[in-house]
Amino acid sequence: MSGSDAAARPDDASAPSGPSGKVAASDLLLSQVVREESGRIVAALARSLGSLDIAEEAVAEAVDEALRAWRKGGIPPNPGAWLTQAARHNALDRLRREKRYREKLAGMVPGVDSESAAQEDAWPNSPAELDDRLPLLFGCCHPALAPEAQLALTLRAVCGLTTAQIARATFSTEPATAQRIVRAKRKIGATGILLRIPEATDRAARLDIVLTIVSVMYNEAHLVAGGDAAADRDLADDALWLAGVIVAALPREAEAHGLLALLLFHRARESARSVDGELVLMADQDRSRWDQTLIARARAELEQAARLRRPGRWQLHAAIAACHADAETAVKTDWLQVLVLYDLLLGYDPSPVVRLNRAVALDRVGAPTAALTEVDALEGKLTRNHLWHAVRAHLLRRLGRDDEALAADLHALELTANDAERRLLAARTGR
């Protein structure tokens, strides 16, 4: 296993446990340190070395070293500094090896020099220079990279996930994920993509890509095949953390506040979303279990976004989530307001998924026939999406077309790999 495939975040399956079966305390702390520090360290090293590949490999190796050393010798006084120093040493060792290689090559092949090795002492001297998580995120989300490469590279370089974790979260295979990451890092090096926040004039389009990636991360956390709750929550935590980092660094960006509000609304409902491992749809959730503290934080972020007077799609998504949070019960949801917000959202985001969600709202205001027409119009775009089949099944059942509804639910069952969703759909179909 190479350094980049090392345990960039401790997996529960490999962690030693005591008599109670709990994960070692050092592993739990390391997971937190990786989430909070690894992106910062990778970015600082990448800027100093001019190589994201070497920086990311050095940090991954340092985390693997920490996993073993902390289990054996205990948690160090300053875990973040320990990880930073280990990563620096790893990068220096790699540069020294490459320098020796170039020197040997120069001795055999005239014309080959080793001047580039001089950069090995160019380390950042100020602690502030290490806080480069946001520039790294913007670099990983550069529009020159394919969307799937942006997501995979962000999960690796910024969040420190392993290849296996990224493959699981993105419904891909480990070899395909590894190649995607390698190609993305090579493209960054070959095209000279800078790890920096774009100037304000160029930031809007890039920021939307960054916010989209963070949103996808949060959504993917709930679609992991096998229902690994610990892995799900780690990935969701990473997304929330990144959203907070963006808001802290760019407090005048209304859409950043909008995304953070949206994720906080989602997180507030999580304890009611799954009960004893079973998925509970929003209409059936026990709303007394919703976290009112998180809901209050979400509303505050949404209000701050509104004060900046620059509307956008993430604020509208959050406003829709706020409508659900405002309703004491599912039947008291202001679906007409939700429908109006979706109509506004289509002006910013006319994607098939938004149109599918709008159709759900259309049904809730008493227009199931019109809603089914809207859903059927999306067939070519969402045929492989299990949620499209599930929504269509609901509408068909509402219209008394039970046989067609059953067939649609069976298609949804075939397409989802999430165990909790499969059990819900199986119960609905009697399978």
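For region 319-355, a residue qualifies if it is part of a loop (DSSP other than H, G, I, E, B) and more than 21 Å from the chain's Cα centre (by Cα), and the qualifying residues are A327, E328, T329, T333, D334, G347, Y348, P350.
Of the residues making up region 270-300, those that are open to solvent by less than 40 Å² (accessible area, probe 1.4 Å), at pLDDT 95 or above and within 23 Å of the chain's Cα centre (by Cα) number 4. The set of residues from region 152-169 being in contact (Cβ under 8 Å) with a residue 24 or more places away in the chain and either touching a Lys or Arg at 6+ places or on another chain (Cβ under 9 Å) or of a type in the set (K, R) (or both) comprises A152, L153, R156, A157, V158, C159, G160, L161, T162, T163, Q165, R168.
Put simply, of R186, R203, R233 the only residue that is at pLDDT 85 or above, surrounded by fewer than 21 Cβ atoms within 10 Å (Cβ to Cβ) and either assigned by TED's automatic domain parsing to the domain that holds Q285 or among the basic types (K, R) (or both) is R186. L316 passes every criterion in (1) in contact (Cβ under 8 Å) with a residue 24 or more places away in the chain; (2) closer than 24 Å to V280 by Cα; (3) part of a helix (DSSP H, G or I) apart from (2).
Here is a yes/no grid of residues against (1) surrounded by 24 or more Cβ atoms within 10 Å (Cβ to Cβ); (2) part of a loop (DSSP other than H, G, I, E, B); (3) touching a helix residue (DSSP H, G or I) at 6+ places or on another chain (Cβ under 9 Å):
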residue	(1), (2), (3)
A157	yes, no, yes
G160	yes, yes, yes
I166	yes, no, yes
V182	no, no, yes
I193	no, yes, yes
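Cβ-Cβ distances below 9 Å connect the following pairs, each with a first residue in region 171-195 that is within 14 Å of L161 (Cβ to Cβ), a second residue that is among the acidic types (D, E) and open to solvent by less than 90 Å² (accessible area, probe 1.4 Å), and a separation of six or more residues or different chains: E174/D5; A178/D5; I181/E56. In region 46-93, the residue that is least open to solvent (accessible area, probe 1.4 Å) out of those that are among the charged types (D, E, K, R) and over 26 Å from A25 (Cβ atoms) is E56.
The values are calculated or read from the model by the stated rules, or taken from the named source; none is laboratory data. Note that this is a predicted model, so its numbers are computed, not measured. Cβ coordinates were reconstructed from backbone atoms using ideal geometry, including for glycine residues, and neighbour counts include every protein chain displayed. When the accessible area is computed, the model is the full protein with side chains, heavy atoms only, and any ligands, DNA or RNA have been set aside. Shrake-Rupley method; radii C 1.70, N 1.55, O 1.52, S 1.80 Å.
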